[in-house]
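The values are calculated or read from the model by the stated rules, or taken from the named source; none is laboratory data. Owing to the predicted nature of the structure, the values given are computational and were not obtained by experimental measurement. Every residue, glycine as well, gets a Cβ built from its backbone with ideal geometry; the counts of neighbours run over all protein chains shown. For accessibility, only protein heavy atoms count, side chains too; no ligands or nucleic acids. Shrake-Rupley method; radii C 1.70, N 1.55, O 1.52, S 1.80 Å.
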Amino acid sequence: MKYISTRGTAPVLDFEDTLLAGLATDGGLYVPESWPSLSRETLASFKNKSYAEVAYEVLQPFIGGTPDNNRFRDILEEAYQAFEVPEVAPLVPLGGQHYLLELFHGPTLAFKDVAMQLLARLMDEALSRRGRRATIIGATSGDTGGAAIEAFRGRENIDIFILYPDGRVSDVQRKQMTTPTDANVHTLAIDGTFDDCQALVKAMFNDAAFRQETGLAGVNSINWARVMAQTVYYFTAAAQLGGPEKEIAFSVPTGNFGDIFAGYVAKQMGLPIAQLMIATNINDILARVLQTGIYEIGDVVASTSPSMDIQVSSNFERLLFEATGRNAEEVCRLMGELAETRKFSLSPEVLDVIRAGFAAERVDEVETAKIIKTMFEADKMLLDPHTAVGYGAAMRSDLPATTPIVTLATAHPAKFPASVEKACHRPAVDIISTPQRVQDMMHQEEHFVSLANSLSDIQDFIRHKQTP
Ligand SMILES: *Cc1c(COP(=O)(O)O)cnc(C)c1O
């Protein structure tokens, strides 16, 4: 499989180069040159297959033979063994046509583990074959950092440096980043905000000499391999609910549009999906664009679902590329306008294409808390705030009452105990069953380095610590 940029002028790459590149050199995002398609028999066979087996059939066409098929199978087996339950992503009925797809059984209790566990192994393998090393540098507001550290710790050919805003992540999130003891893991507590951390990382990527010297690689959600890995659970969920004979809908708590774009990819590959519901919190740029056709960046507002507190939804560019009929010139024009004026308008034709596959709903803070409380009181079912936003949007769907709708449960409630406690008016310890390994982690020693919000200090630190 070859990969092309949404902005049309970056070099065409194979899978491994796409994996290692992250962002395209023209500022665009890589997408496959064409969508592979799976037959109805193949889709139906998924009902009786393990998660890793389904992953192999779904992902093999994107990989194109490097790593070779046997090796790829082994990597998949290993990646999903990191999950607490054999199904990897169990489906739980909520009554009526509503289901929850639990994606939080990985090492850091959020869905980002599903893709990161695979990405880390694929990167290490590619580097080892090339006799190269890479340095991963990332900024996190909480979930991505822990998932990346957990996936990359101890990998032979990679050093990982994660910048987080000191004092601005939850205790569980911080412990997940600071308790690993592997020599290749470096957790940096930055005296600044998440935006500062992100700006620092961006500056390091824009420093060509530093980039070259350190073999810099990115793992944020614009990396194609992350999106690709997330397509798998749409297939496993649909197969359990009667797909492909039956159309299934999905409601996806959305920030950077990566997870829901994976659903779009599954649909392009032949999975009958009735609707993809974009569920946003009060940072509702995506709900607004579907309603008005105007994509306009506002100010980020802090919410109880912080992993969705995003205004610029990077992966939306991939959908724009698709909805414009893969018109890279038009994507460049729109992204240029966005950079200059902080907004752009979609043509009625493009908006119609998007509305045909997607719906969008905004779920505010009051409603999110109410959903958590109601679900707990009615069913003893605890949702984390991100999942509650997804479920709130699912309940507003206008689909026929016979269409099953699956809400993606993106985080375990134990990751956001304060919000859950506040919503339910009960002490967190009484209601949340925190997995034992997380309880143990809370007592372990923390390792991190405190650094000022200074690009040169941080670059010096990384140069010094990097494995030669
Ligand atoms: C990252 C994240 C999201 C948003 O996913 P996107 O791919 O950015 O849309 C939702 N919920 C949780 C818990 C997350 O960590």
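Some notes on this structure:
- nm² value of the averaged projected area, convex hull over the Cα atoms of the stretch 262-406: 9.5
- Straight-distance crosslink candidates among aspartates and glutamates, where the alpha carbon sits under 12 Å from LYS373 and sequence neighbours closer than 8 are dropped: ASP384, GLU421
- Histogram of C-alpha separations across the chain, 10 Å bin width, %: 4, 21, 33, 29, 12, 1
- Mean Cα-pair separation over length for the stretch 29-107, i.e. relative contact order, pairs under 8 Å, 6 or more apart, %: 23
- Net charge of neighbours whose Cβ lies under 14 Å from the Cβ of GLU87, counting Lys and Arg as +1 and Asp and Glu as -1: -1
- Summed residue charge, Cβ within 12 Å of THR9's Cβ, Lys/Arg positive, Asp/Glu negative: -1
- Of the DSSP H helices in the chain, those whose Cα atoms cover at least 20 Å axially and whose Kyte score averages -1.0 or more: 112-130, 365-379
- Loop-located GluC sites (Glu not before Pro) in the stretch 143-227 (DSSP state other than H, G, I, E, B) with a sparse environment of at most 12 neighbouring Cβ atoms within 10 Å: GLU156.
- For the stretch 88-193, the convex hull drawn through the C-alpha positions has a volume of 112 cubic angstrom per residue.
- Sequence-distant lysines (8 or more away, or on other chains) whose Cα lies within less than 28 Å of LYS370: LYS112, LYS380, LYS415, LYS422
- Other-chain or far-sequence residues with amide H under 5 Å of ALA139's (modelled H): LEU163
- For ASN184, distant residues with modelled amide H under 5 Å away: GLY154
- About its Cα centre, the stretch 296-354 has a charge dipole of approximately 100 debye under the convention of +1 per Lys or Arg Cβ and -1 per Asp or Glu Cβ, with nothing else charged.
- Put simply, the stretch 33-131 fits an ellipsoid with semi-axes of 26, 19, 11 Å; these come from the alpha carbon gyration tensor as the roots of five times its eigenvalues, largest first.
- Given charges at beta-carbon only (K, R positive; D, E negative), |dipole| of the chain in Debye: 380
- Residue among ILE149, THR187, PRO400 farthest towards the positive dipole end of the chain, charges placed on Cβ: PRO400
- Charge dipole of the chain about the Cα centre (unit charges at C-beta), most positive-ward option of ILE297, GLN466, SER221: SER221
- Cα-based values for the stretch 218-310, radius of gyration first and Dmax second, are 14.4, 43 Å.
- Amide H within-cut-off set for LEU100, under 5 Å, with H built and near neighbours excluded: VAL92, LEU94, THR407
- Dipole check for the stretch 297-418: with +1 at the C-beta of Lys and Arg, -1 at the C-beta of Asp and Glu, and the Cα centre as origin, the magnitude is about 280 Debye.
- The stretch 1-150, relative contact order in percent, only Cα pairs under 8 angstrom and at least six apart counted: 17
- Partners for LYS465 among lysines (Cα-Cα distance below 22 Å; same-chain residues under 8 apart left out): LYS175, LYS202
- Placing unit charges on each Cβ (+1 for Lys and Arg, -1 for Asp and Glu) gives the chain a dipole about its Cα centre, and among TYR51, HIS443, SER251 the Cα reaching farthest toward its positive end belongs to TYR51.
- For SER307, net neighbour charge (Lys/Arg +1, Asp/Glu -1) across residues whose Cβ lies under 9 Å away: -1
- Rolling a 1.4 Å probe over the protein heavy atoms of the chain, with every protein chain left in place, gives an accessible area that is 48 percent carbon and sulfur.
- Among the GluC sites (Glu not before Pro) within the stretch 29-124, those in coil by DSSP and having at most 16 neighbouring Cβ atoms inside 10 Å are GLU33, GLU84, GLU87.
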